[in-house]
Amino acid sequence: MKAKTILMLITLALAGLVVERFLPTEKILSVFRDLQPTDAAAQGHAGHGGGAPPAAPSAPPATAPQTNANAPPTNVEPPTIEISPERQQMIGVKTGLVTRRPMERTIRTVGRVEVDEQKQVAVTTKYEGWIEKLHADATGKLVRKGEPLAEIYSPELFATQQEFLNLLRWNKEPAGTASSWNTMLGRDRDAILDAARERLRLWDITDSQIRAIEKSGKPIRTLTIFSPINGFVIQKNVVQGMRIMPGEKLFDLADLSTVWVMADIYEYELSHIRTGLTARVRLSYFPDKEFTSKVDYVYPTLSGESRTARVRLVMPNPGGILKPQMFSNIELTIKLGDRLTVPEEAVIDTGTRKIVYVDRGEGMFEPREVETGLATERSVEILRGLTEGERVASSANFLIDSEAQLRGVAPLPRR
């Protein structure tokens, strides 16, 4: 009996080795699972045995609402960076207030004193001749209106005077003289004499010279040219004995009682310039004196080389102290009205956007992107991004920005 038991155990062991060799473990387990009763049968059996009823089927899981991953977050807490008061004092942090105040912009430029073109005269003749005597014999000479400039001999003008005298003598002959010429011209002698006088006037001979010719009864060999204005000879193109031709310019005269100051304004500043704008003018010739003028005219064209436009100022020149081609320093102040502003140092321009650091209190600073407008010497206009009454870092903000970048703190995109 003992031997049979040992033989049976050996047989079972060998059978197990064969099964494990040729059938995988999973296969064996699946066979045992198949031998177990089904859930329905188990439930039925349990029901017959008076067990608990089957549990109600669970509700399907709720589906989460779909969201757009690209949609901007709403009610997101703005990022901040903490700078302790001790460290603020160490790096020199200062804050400025966002305020609404009057803004003004000052444009500084240079100008040149020039001759008033409206008071400049060119002296010419309408006949050919020679300079017999030159009175205005030097450039820069002051001449008064009516003073002689030069005496000119012209054969053509001399012959015209002679014709005028002949007509004058014929006009004085008695009406009953048996002259064939007088008989022919008797009815029109006055009209012909007036035409001769007008011809002399067209040669720029004055009425006083014509009366002198009538009184003397002799033609004047040289005719004198007189100055038409009070001014200076700024250009002299003739010398004594020189031959002149009709239309040739002899002198340039300029009245310097008023002068022009021509200022150069850059293209981006032209939108602020208008006629009547007050300007302050200083010259190195008078370092302690300031002149005041107004913009008289803005020229309609720009210089292609300098990209500037000319602006004209008109200035009185008592005593001739302002001389053409003097250089001057000009300041134009433009009132811009009330604007929302921050200190100029508060805005960090990265090239693609402008950032300020808003003081949130308790050492917290918020980086915020802003949109700026006009800029003056001390402040910058804020169009969007800040509200009146907020405080922003106006000093050491570059150090705050460096710290924020090291910590990965960036301003929210401006909506």
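Coordinate-derived values only; no laboratory data. Since we're looking at a predicted model, the values are computed, not measured. In this analysis, Cβ positions are derived from the backbone assuming ideal geometry, glycine residues included, and neighbour counts consider all displayed protein chains.
Some points to look at:
- Under a 5 Å amide H cut-off, with hydrogens placed 1.01 Å from N, Ile321 pairs with nothing among residues at least 5 apart or on other chains.
- For the cross-link pairs Lys145/Lys323; Lys141/Lys323; Lys119/Lys289, the ones whose C-alpha atoms lie over 19 Å apart are Lys145/Lys323; Lys119/Lys289.
- Residue order, fewest to most beta carbons within 10 Å, for Ser395, Ser293, Ser284: Ser284, Ser395, Ser293
- The stretch 114-168, Rg to Rh (Cα coordinates; Rh as Kirkwood inverse mean 1/r): 1.10
- Residues listed by number, the stretch 309-336, amide nitrogen under 16 Å from Leu270 label point at 7 Å toward C-beta: 309-312
- Taking a straight Cα-Cα cut-off under 16 Å and skipping sequence neighbours fewer than 8 places away in the same chain, the lysines within cross-link reach of Lys218 are Lys172.
- For Lys335, the lysines whose Cα falls under 16 Å of its own Cα, not counting residues fewer than eight places away in the same chain, are Lys294.
- Residue-span extension gain [Lys294 to Thr139] - 0.36 nm each, minus C-alpha spacing: 52.7 nm
- Applying both filters, DSSP loop and at most 14 other Cβ atoms within 10 Å, to the trypsin sites (Lys or Arg not before Pro) of the stretch 265-305 gives Arg274.
- Ordered by the count of other Cβ atoms within 10 Å of each Cβ, fewest first, Val311, Val113 give Val113, Val311.
- Spin-label model distance (nm) - Gln89 vs Glu117, 7 Å beyond Cα toward Cβ: 6.6
- HN-Hα J in Hz across the stretch 387-400 - Karplus 6.51, -1.76, 1.60, θ = phi - 60°, x for Gly and Pro: 10, 4, x, 6, 10, 10, 6, 10, 8, 6, 5, 5, 5, 5
- Per-pair calculated FRET efficiency, R0 = 25 Å: Glu147 and Glu214 via Cβ, rounded to 0.05: 0.55
- Approximate spin-label separation Val110-Asn230, in nm, with each point projected 7 Å along Cα-to-Cβ: 3.4
- Each of Ser328, Ser402 has some number of other Cβ atoms within 10 Å of its Cβ, and from fewest to most they run Ser402, Ser328.
- Label-to-label distance, Thr206 versus Leu336, with points set 7 angstrom from Cα along the beta-carbon direction: 5.8 nm.
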